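Notes to accompany the following structure.
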Amino acid sequence: DVVETQEHYKSRWRSIWIMYLTMFLSSVGFSIVIMSVWPYLQKVDPTADASFLGWIIASYSIGQMVASPLFGVWSNYRPRREPLVISTTISVAANCLYAYVHLPHSHNKYYMLTARALVGFGAGNVAVVRSYIAGATSLTERTSAMANTSACQAVGFILGPVFQTCFTLIGEEGITWKLIRLQLNMYTAPVLFGALLGVINIILIFAIFREHRVDDMGRQCKSINSEGEETGGLDQDAEGSIDHVAVVAINVLFFVILFVFAVFETIATPLTMDMYSWTRKEAVFYNGIILSVVGIESVLVFMAVKTLSKKTGERAILHGGLLLVLIGFFILLPWGKKLPNIQWQEIKNNSIPRTDSTEMLMPFWSLQELQLPSNHTAEPVGCPITQSWCLNTPMIYLAQYITSDVLIGLGYPVCNVMSYTLYSKILGPKPQGVYMGWLTASGSGARILGPVFVSQIYTHLGPRWAFSLICGVVVVSLLLLEIVYKRLIAFSVRYGRIQE
C-alpha cells in the first residue's frame, strides 16, 4: 500500500474545499434572483407573461444542460483548472449583462433570457466539481464529501434569497450611476454581487487548486488531468464494466428529484401572490425568508445523513427522502372551501370570462368587491381573473404552504446527496467527467421542464392539477427505485474488491 503523505493530504483537501466554494457560487448564481425574476421581468418588459417566466427560469438549465457534458469531456483529458476558470468567467460576464437588460428600448425579455442562459452555461462546471471530488476521495470519504458538496450547494440556495431579501432595502428605483448607465437597485445589486464572488473564485482556483486522485481505498494515483504537477502514486486498475442499468436508473431518479424541486422553487412567488394577495415586493421578501429557513434545514439534513448513511445505507435513505417529498406535495393540494381573492383591476376592466363558474359566483360578489378600494395602489394584487381556475379552486392556506416547504426541505437534500453518492460509487475508478456531465445534464433537463411544466399547467389548470401530477411522478420514481434497489452498489463491492 502507498501511504499518503501529510503534505499530499492537506493539498488534496484544500483543492476539495475550493471545489466546495465553486459549487456554492454556482447555486448562488441561480438562487440570488429566483424570487425577483418575475417582478423584474414585469418591470423591464410589460409584454412578458407568466408563461415566459417559465422560459426565463428554464434558460439557466438549458445553458447548464448544454455545457455540462462539454465541460465533463474537457475535464477528462485536460487540467480541470481550464474549464473551471472559463466557466466562471462566462458566469461573471452573464451576471453583468443581466444588470443591463433594462437599457434596450424593446425585446428586454429576450436579453434577460440570454443572460440567464449564459449564467447556466457557466454553471455547467458542477460536473467538473463532482467528478473531481469523486476521484479525489476514497470510498469511505465519498459520502461525507458529497454531502459537504451538496451542503455548500444548499448554503448557496439559502444565501441567494437572503442576499436578495437584504437588497430589497435598496428599493425598486435605487440609485443610478450615469457614467456607465448602471441602475443599482433590488434587482441588479444581487447579480453584481454574484459577479464579484465569481472573480474571487477565479483567483482562488489559480492560487490554491491542484490536481489530485486517489483510488477507492485512498491510495494516491496518477492523474491524467495534471500538467506539470507532481502527482506520483499508482496507476489505477479500472478493470470491469460499469452497471449501465444502475447508471440510467440514477439519472432518471435524479431527473425526478430536480424536476419536483424546480417546480417547488418556480411556483413559490406566483402561488403566494395569487393565494395571499401579496405584492411583488412582499412575495420576494417573504418567500426569501421562508426559503432561507428551508435552506438552513437542508444544511442540517446534509450533516445528519453523513452519520445516518453509515447505519442504514444510502439506498434506504434515498427511499425515505422520496417519501417525504411525496407527502410534501400531497399536503400542498387545495383542500378547503375558501376561494382566493380576485384581482380587482381585472374586474374593473370588465375582462371576466363568461363561464359557468362566473355565472354561478357573480351573485355572491358584493358591490364593494367590484369597485376600486379607496386605498388601492397602482399594483393589482390577488388571483388574476384571467386564470379561470381562480373562480372555483380553493385557496392553499399558509399553514399548508409552510408545512409543505418543511417536508420538501427535508426530502430534497436527502435525495440529492444520496443520488450523487450512489452514482459516484457505481462508476468507481473510471474517469467520471463525462458521466457526471450527463447526470448534471439530466438535472438541468429537469430544471428546464419543471418551470415550463408548472407555468403552463398552473396558469391554465391551477394548483390542484399541477401538484397532483407531481405526486404521480414521485410515485413512479419510488417504483423504479424498488426495481433497481439491489443493483445500486459500489463498483468495488460489485467486483468483490471491498466488502459492503
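The values are calculated or read from the model by the stated rules, or taken from the named source; none is laboratory data. Just so it is clear, the model here is predicted, and its values are computed rather than measured. Backbone-built Cβ (ideal geometry, glycine too); neighbour counts: all protein chains shown. Just the protein is used for accessible areas: all its heavy atoms, side chains included, with ligands, DNA and RNA removed. Shrake-Rupley method; radii C 1.70, N 1.55, O 1.52, S 1.80 Å.
Miscellaneous remarks
- Subset of segment 34-62 that is aliphatic (A, V, I, L, M) and under 16 Å from THR168 (Cβ atoms) - its residue that is most open to solvent (accessible area, probe 1.4 Å): ILE34
- Any hit, segment 295-312, residues being β-branched (Val, Ile, Thr), open to solvent by less than 10 Å² (accessible area, probe 1.4 Å) and either assigned to a helix (DSSP H, G or I) or on the phi > 0 side of the Ramachandran plot (or both): yes
- Test: residue in segment 255-277 that is open to solvent by 50 Å² or more (accessible area, probe 1.4 Å) and not assigned by the TED database to the domain that holds VAL37: yes
- Test: residue in segment 19-33 that is open to solvent by 10 Å² or more (accessible area, probe 1.4 Å), part of a helix (DSSP H, G or I), at pLDDT 80 or above and among the β-branched types (Val, Ile, Thr): no
- Sub-9 Å Cβ pairs linking a first residue in segment 392-411 that is of a type in the set (Gly, Ala, Ser) to a second residue that is open to solvent by 60 Å² or more (accessible area, probe 1.4 Å) and part of a helix (DSSP H, G or I), at least 6 apart or interchain, are SER404/ILE327; SER404/PHE330; GLY409/VAL293; GLY409/ILE296; GLY411/LEU323; GLY411/ILE327, ordered by first then second residue.
- Pick from segment 189-213, criterion part of a helix (DSSP H, G or I) and aromatic (Phe, Trp, Tyr), ranking: nearest to SER31 (Cα to Cα): PHE193
- Selection status of LEU113, farther than 30 Å from ASP49 by Cβ, assigned by the TED database to the domain that holds PRO39 and modelled with pLDDT of 90 or more: no
- Of the residues making up segment 99-123, those that are out of contact with any Gly (no Cβ under 9 Å at 6 or more places or on another chain) and either assigned to a helix (DSSP H, G or I) or open to solvent by less than 10 Å² (accessible area, probe 1.4 Å) (or both) are ALA99, VAL101, ASN108, LYS109, TYR110, TYR111, MET112, LEU113, THR114, ALA115.
- Qualifying residue in segment 2-16 (condition: in a loop (DSSP other than H, G, I, E, B) and either charged (D, E, K, R) or at pLDDT 85 or above (or both)): yes
- Among the residues of segment 384-409, the ones that are among the polar types (S, T, N, Q), open to solvent by 10 Å² or more (accessible area, probe 1.4 Å) and in a helix (DSSP H, G or I) come to 3 in all.
- Residue list for segment 278-294, filter: among the polar types (S, T, N, Q) and open to solvent by 30 Å² or more (accessible area, probe 1.4 Å): THR279
- Only one of ALA94, ALA123, ALA99 that is of a type in the set (A, V, I, L, M, F, W, C), in the same structural domain as LYS10 (by the TED database) and touching a strand residue (DSSP E or B) at 6+ places or on another chain (Cβ under 9 Å): ALA99
- Among the residues of segment 469-500, the one identified as loosely packed, with under 15 Cβ neighbours inside 10 Å, modelled with pLDDT of 85 or more and either among the small types (Gly, Ala, Ser) or outside any helix (DSSP H, G or I) (or both) is GLY472.
- Within segment 410-457, if we keep just the residues that are within 17 Å of the chain's Cα centre (by Cα) and more than 21 Å from TYR60 (Cβ to Cβ), the residue that is most open to solvent (accessible area, probe 1.4 Å) turns out to be LEU410.
- Failed item in (1) in a helix (DSSP H, G or I); (2) closer than 16 Å to VAL33 by Cβ; (3) modelled with pLDDT under 85, with MET186 passing the rest: (1)
- PHE330 meets each of the listed conditions (1) farther than 14 Å from VAL414 by Cα; (2) open to solvent by less than 50 Å² (accessible area, probe 1.4 Å); (3) in a helix (DSSP H, G or I); (4) of a type outside the set (Ser, Thr, Tyr) apart from (2).
- Among the residues listed as ARG354, ARG315, the single one being of a type in the set (Lys, Arg), modelled with pLDDT under 75 and either open to solvent by 60 Å² or more (accessible area, probe 1.4 Å) or not assigned by the TED database to the domain that holds PHE163 (or both): ARG354
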